[in-house]
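Here is the structure we will look at, set down as structure tokens.
The values are calculated or read from the model by the stated rules, or taken from the named source; none is laboratory data. Source: prediction; values computed, not measured. Here the Cβ positions follow ideal geometry from the backbone for every residue, glycine too, while neighbour counts run over all protein chains shown. Side chains are part of the model used for accessible areas, which takes the heavy atoms of the whole protein and leaves out ligands, DNA and RNA. Shrake-Rupley method; radii C 1.70, N 1.55, O 1.52, S 1.80 Å.
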Amino acid sequence: MSNRRTVVVTGASAGVGRAVAIAFAQNGWNVALISRGKEGLESARRDVEAAGGRALVLALDVADASAVFAAADQVISEWGHIDVWVNDAMVTIFAPVKEIQPDEFRRVTEVTYLGQVHGTMAALKHMRPRNRGTIVQVGSALSYRAIPLQSAYCGAKFAIRGFTDALRSELEHEQSGIRLTMVQLPAVNTPQFDWARSRLPRKLQPVPPIYQPEAIAKEIVRAALEAPRELWIGRSALKAIFGGMLLPLLGDRILASEGYSGQMTKEPASPDRRDNLFEPVPSDPGVHGRFDRSAQCEVASFDPARLRAGIACALIVGIAGLIAIASSRRA
């Protein structure tokens with residue numbers, strides 16, 4: 001049994017998941033790496049060990065519940081406990097709904113949504129006997145404000161938020177010591193825009209502003225340690241979430257006008273590009289995508305509970321001021 005703290009990271013072979021694994025390793029954690037791509041996983045293992053952590057490679061598909069449960073059992077056998085479980089694995093398809101096949105919708109749902117359900121259930125199995133541990137659900141601003149051309153992904157992210165809220169109430173009912181937190185991400189410079197399935201005519205890009213995975217990973221580690229109910233990462237995520245809540249019709253119109261071009265560069269798409277929807281692309285994509293020149297290395301994060309408290313205080317002060325003005329006029 002290891003005296004180090006242990007984290008399990010799904011989607012750990014590339015992008016945000018790999019950056020998160022490295023960030024935990026830099027703090028001396030045991031890091032269990034879950035993903036389908038063996039080449040990326042082995043490279044992630046080397047990154048984790050170079051950063052000072054201990055790595056355990058677990059090549060599997062999170063859509064396979066039994067494989068996820070077996071992986072959790074293997075982590076327990078290796079290190080004795082799971083302190084944090086980060087659910088980050090995802091796949092997606094960029095296309096209008098009319099051009100997406102039912103099996104493609106199913107696949108995105110099985111990985112991006114049910115993969116998080118499976119990971120959560122596996123984590124709970126081993127956290128409940130100790131009555132402690134933290135589960136981090138990696139969400140997106142798109143779990144509040146859906147955008148065109150990503151209907152399958154947005155639907156999965158909305159589902160994760162519903163599942164997480166329901167589970168949070170159940171844990172509260174049980175008076176459980178297990179913590180549950182969800183982080184809502186902005187656009188990130190990851191390799192997914194070169195290996196996601198797409199039927200769009202031009203190369204894909206995240207909707208700017210774009211942030212580097214290391215900046216996002218730092219906030220995910222913070223969420224794992226502090227466990228706020230939610231953490232909204234990036235001012236763009238904040239704007240998207242509040243905009244969707246306050247002005248949904250305006251958001252629909254803006255996205256109908258700008259949501260297509262904003263997700264594509266000017267370069268034509270390669271007709272023979274491979275995608276990772278059903279099978280991993282044999283490669284080591286690393287942490288970054290191809291947007292290093294435009295990606296920002298620092299990002300702000302927001303606890304919505306504190307934002308709501310601040311807004312409430314401002315309203316109270318404003319109302320009190322209006323009452324005082326009205327009283328003085330009457331006097």
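From the Cα gyration tensor of the range 1-83, with a ≥ b ≥ c the square roots of its eigenvalues, which class applies: rounded if a/c is under 1.5, or else prolate if a/b is larger than b/c, or else oblate? Please list the in-between numbers first.
On the way: a/c = 1.95, a/b = 1.08, b/c = 1.80.
Oblate, since a/c reaches 1.5 and b/c is not below a/b.
Between ALA50 and GLU99, the simple label model (points 7 Å from Cα in the Cβ direction) yields a spacing of 3.8 nm.
Please tell me the relative contact order of the chain in percent, rounded to the nearest whole number, where contacts are Cα pairs under 8 Å and at least six residues apart.
20 percent
Evaluate the Debye formula for the chain with equal point scatterers sitting on the alpha carbons, no solvent, and hand back log10 of I(q)/I(0) at q = 0.07, 0.09, 0.12 Å⁻¹, in q order, two decimals. Log10 of I(q)/I(0), two decimals: -0.30, -0.47, -0.81. Here the Kirkwood formula puts the hydrodynamic radius of the range 89-151 at 13.5 Å, using every distinct Cα pair.
Using only alpha carbon pairs under 8 Å that are at least six residues apart, calculate the relative contact order of the range 105-234 and give it in whole percent. Averaging sequence separation for qualifying contacts and normalising by length gives 28 percent for the range 105-234. Distance between the 7 Å Cα→Cβ label points at SER294 and PHE69: 4.5 nm. Per-peptide packing, taken as the mean over residues of other Cβ atoms within 10 Å, places 207-216, 121-130, 7-16 in the sequence 7-16, 207-216, 121-130 from highest down. Mean residue ellipticity at 222 nm, helices only, the chain: -15000 deg cm²/dmol; runs of at least 4 DSSP H residues each add -39,500 (n - 2.57), and the sum is divided by the number of residues. Keeping the other protein chains in place, figure out the carbon and sulfur percent of the accessible area of the range 149-195, with a 1.4 Å probe. Roughly 49 percent of what the probe reaches on the range 149-195 is carbon or sulfur. Protein heavy-atom accessible surface, 1.4 Å probe, per residue over the range 10-163: 34 Å². Label-to-label distance, ARG132 versus LEU250, with points set 7 angstrom from Cα along the beta-carbon direction: 4.7 nm. Cross-link reach is defined here as a Cα-Cα straight distance under 30 Å, omitting same-chain residues fewer than 8 places apart; for LYS266 the lysines meeting it are LYS98, LYS157, LYS203, LYS239. The protection proxy used here, the mean number of other Cβ atoms lying within 10 Å of each residue, ranks peptides 83-91, 255-263 as follows, highest first: 83-91, 255-263. Computed packing ranks the peptides 181-187, 171-177 as 181-187, 171-177, most packed first, by mean other Cβ atoms within 10 Å.
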